[in-house]
Amino acid sequence: MSADLVIRGARVVLPQGTARADLAISAGRIAGIGAGERVPDALEVLDASGLVVLPGAIDTHTHHRDPGYTHKEDITTATRAAAAGGVTTSVGMPNVDPPTNTVERYRAVIERYSRGSLVDFNHNPAPTVPHEIPGLAAAGALGFKVYMIEDSKRSYPHIPGVGVHDHGRLLEVAEAVAATGRPLMVHPHDQELITTIEQRFWERGETAHLAYARAYASYDSLVWDGPAAWLIRLQEATGVRLHLLHVKTSRTAALVRAAKARGQQVTGELNPVAVFLCNDWSNIERLGPYALSTWVRDEYTEDLWRALRDGTIDVIGTDHAPHLREEKEVGWTDMWRAPGGVPQIQDYLALFLDAVAHGRLSLERLVELVAGGPARVFGLAPRKGAITVGADADLAIVDLSSECTIEEADVQSKCGWTPFAGRRVRGAVVHTLVRGEFVYRDRVVVGRPGHGRLVTPAGDGARA
Ligand code: DOR
C-alpha cells in the first residue's frame, strides 16, 4: 500500500523520545513510523533532513475576534498566523459579539470557523448562563472560559456576558461546569481590589502605561495571587476541573504546585509574554501599550521557567490578543482606555525553540507544553497532541539551527504588528501540516479557509 505523503530524514519527537524516523501519512493520519524501508512508498516524499518534526501545537487560548471585532482579526487571518506559527488546532475565546454563552451562539460561531479556518478548531464558550452549560458541553465545547475582570474605562476586551467576579455566582458556575466534566478556564482577577487601587492612581493623575503597569502589580501581584488561592479552594469545594489561566507570578505557580501535590484537579496555563515580554520593565518602557496588558516582576522569571519544566504548568496558551495600533496608541497617556493584549500565536513556538536552544527547557518538555498537555487537559488525546500511529497527521516541522529575526513584514495577523519585532531567535517553523495537508510550506502560508475541522473531546462521537 502506498501512502499519500512520506516525510523522510527528520528527527521526530515521539512520546517515547526523540529519534530519527520516517513518517507515512495516509488519509490525514499517521499511518506508519519507522526507519527507511519499514515506511511505504508514497505519492509525495518530503525530504526533511536536518529538520525536526513535532506534533502540531494546540493553542487552547486564541482570541479570533470573530464575530464582532473583525476589524482587529478574523478566523481566517488568525488561523493564517496559527499556521505560520506551527499551530494545528486553535481554540477561540468567547469575548466576541454576541458573546458566546448560549448553544445557539456557539453553533453559529462554529459555522463561521467551518468556513474560515485553515487549521482545526473549537471555541470555548462563557458559562455565564448556567442553564446553557449542559447543552454547550453536549454540543462539543472543549471547556468553558470565564473572566473575573471587568473593564472600567474601556468597553473591550472584557465585555458583559463573559465575566463573573461575584463569588456566589462563581460557585454556581463551578458547580454547573463540574457536572459536565469539562475544564473551567478562569482568568483570575480581584475586581474589588483593583477598583480601589486604580482610583488611587487616577486621583494622583497617573494614567499612563507605566502607572497601569505598577497599579496591576501593586502589593506584589495581590490582584492575581489572591483570586488564584480562592479559585483553588473553590475547586476543592466543587470538584470542578480548574484550568487556571495566566499563571505569571511565583506565588501563583507555588499555589498550583501545592494543589497538584494534594491531588486537586488543577491545571495551569502560562502565556508566552510572562517569560518573554512583560517580565522586563525595559519592554514596558519601550513598547508601552504594545507590551501591556500587564507587567510582572523580573524576579518571578526563574520560578516560571521552573514551573514550565517541573509540570506545574500543563499548557502554554498563547492568549493571542490582537488589537489595532490606533486602539493601542491612547495607552501612552491613558492605558486604562487602551485594550490589553498582544498578538502571540505566530511567534511563540520560535521564541520557545530559542529557549530550548539556550537550555531553558528540553525540546520534549516544550512539546508536552504546546501539544501533549493541551490535548490531555481538553480531552483531545489520542487523536491530537502526539505523533503516534492512527493520530491525526498534525505536524510542525522546525529547523532548530535557523537563526532569524522576527519581522513585522511577516505578520499574518490582521493587526499588522508584533511586540517581538526585531528579536533574534534560534529555531523556526518551516512547514505546518493539518491532517496531512500543508497549511504552511517552506515558510509560506498555503492553507485554505475551510480546511479546518471542529475537534471535540475524545469519546464524544461528535468528531467525524
Ligand atoms: O490582555 C488581555 N487581552 N487579557 C484578556 O483577558 C483578554 C485579552 C483580549 O481579548 O484582548
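The values are calculated or read from the model by the stated rules, or taken from the named source; none is laboratory data. Values in this document were obtained by computation on a predicted structure and should not be read as measured data. Heads up, the Cβs are rebuilt from the backbone with ideal geometry, glycines too, and the neighbour counts pull from every protein chain shown. These area figures cover heavy atoms from the full protein model, side chains too; ligands, DNA and RNA do not enter into them. Shrake-Rupley method; radii C 1.70, N 1.55, O 1.52, S 1.80 Å.
Numbers at a glance
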read-out	value
Check on Val91, in a helix (DSSP H, G or I), open to solvent by less than 10 Å² (accessible area, probe 1.4 Å) and at negative phi	no
Flag if Glu150 is open to solvent by 30 Å² or more (accessible area, probe 1.4 Å), modelled with pLDDT under 95 and either assigned to a helix (DSSP H, G or I) or in contact with a His (Cβ under 6 Å, 6 or more places away or on another chain) (or both)	yes
Qualifying residue in the stretch 44-65 (condition: out of contact with any strand residue (DSSP E or B) (no Cβ under 7 Å at 6 or more places or on another chain) and either within 16 Å of the ligand (Cβ to nearest atom) or part of a helix (DSSP H, G or I) (or both))	yes
Complete set of residues in the stretch 303-344 that are in a loop (DSSP other than H, G, I, E, B) and over 22 Å from Pro183 (Cα atoms)	Pro322, His323, Leu324, Thr333, Asp334, Ala338, Pro339, Gly340, Gly341, Val342, Pro343, Gln344
Gly205 among the small types (Gly, Ala, Ser) and open to solvent by less than 50 Å² (accessible area, probe 1.4 Å)	no
The stretch 429-438: number of residues that are within 17 Å of Ala27 (Cβ to Cβ) and part of a strand (DSSP E or B)	4
Extreme residue, surrounded by the fewest Cβ atoms within 10 Å (Cβ to Cβ), among residues of the stretch 312-332 that are within 24 Å of Thr79 (Cα to Cα) and more than 12 Å from the ligand (Cβ to nearest atom)	Glu326
Candidates His187, His165, filtered to the one that is under 28 Å from Phe378 (Cα atoms), within 16 Å of the ligand (Cβ to nearest atom) and open to solvent by 30 Å² or more (accessible area, probe 1.4 Å)	His165
Whichever residue in the stretch 73-88 is among the charged types (D, E, K, R) and open to solvent by 10 Å² or more (accessible area, probe 1.4 Å) and, among such residues, is farthest from the ligand (Cβ to nearest atom)	Arg80
Filtered residues of the stretch 161-178 (kept if touching an Asp or Glu at 6+ places or on another chain (Cβ under 8 Å) and assigned to a loop (DSSP other than H, G, I, E, B))	His165
Given (1) farther than 28 Å from Gly373 by Cα; (2) open to solvent by 10 Å² or more (accessible area, probe 1.4 Å), index of the condition Val39 fails	(2)
Answer residue from the stretch 230-279, given it is in contact (Cβ under 8 Å) with a residue 60 or more places away in the chain and in a loop (DSSP other than H, G, I, E, B) and is surrounded by the fewest Cβ atoms within 10 Å (Cβ to Cβ) among those	Gly239
Subset of the stretch 35-75 [touching a Pro at 6+ places or on another chain (Cβ under 6 Å) and over 29 Å from Arg376 (Cβ atoms)]	Lys72
Sole residue being more than 28 Å from Val91 (Cβ to Cβ), open to solvent by less than 20 Å² (accessible area, probe 1.4 Å), over 21 Å from the mean Cα position of the chain (by Cα) and touching a residue at least 40 places away in the same chain (Cβ under 8 Å), chosen from Ala174, Ala213	Ala213
Residue match in the stretch 337-344 (condition: within 22 Å of Asn122 (Cα to Cα), among the hydrophobic types (A, V, I, L, M, F, W, C), away from the ligand (no atom under 16 Å from the Cβ) and buried (at least 24 other Cβ atoms within 10 Å of the Cβ))	no
Pick from the stretch 1-16, criterion in contact (Cβ under 8 Å) with a residue 24 or more places away in the chain and outside any strand (DSSP E or B), ranking: surrounded by the fewest Cβ atoms within 10 Å (Cβ to Cβ)	Met1
Odd one out for Arg309, checked against (1) under 23 Å from Gly416 (Cβ atoms); (2) surrounded by fewer than 18 Cβ atoms within 10 Å (Cβ to Cβ); (3) away from the ligand (no atom under 16 Å from the Cβ)	(1)
For Ala291: the one exception among (1) within 16 Å of the ligand (Cβ to nearest atom); (2) under 27 Å from Arg241 (Cβ atoms)	(2)
All positions within the stretch 284-302 that are open to solvent by 10 Å² or more (accessible area, probe 1.4 Å) and either of a type in the set (A, V, I, L, M, F, W, C) or assigned to a helix (DSSP H, G or I) (or both)	Glu285, Arg286, Leu287, Tyr290, Trp295, Asp298, Glu299, Tyr300, Thr301, Glu302
Failed criterion for Asp394 (all others in (1) buried (at least 24 other Cβ atoms within 10 Å of the Cβ); (2) within 16 Å of the ligand (Cβ to nearest atom) hold)	(2)
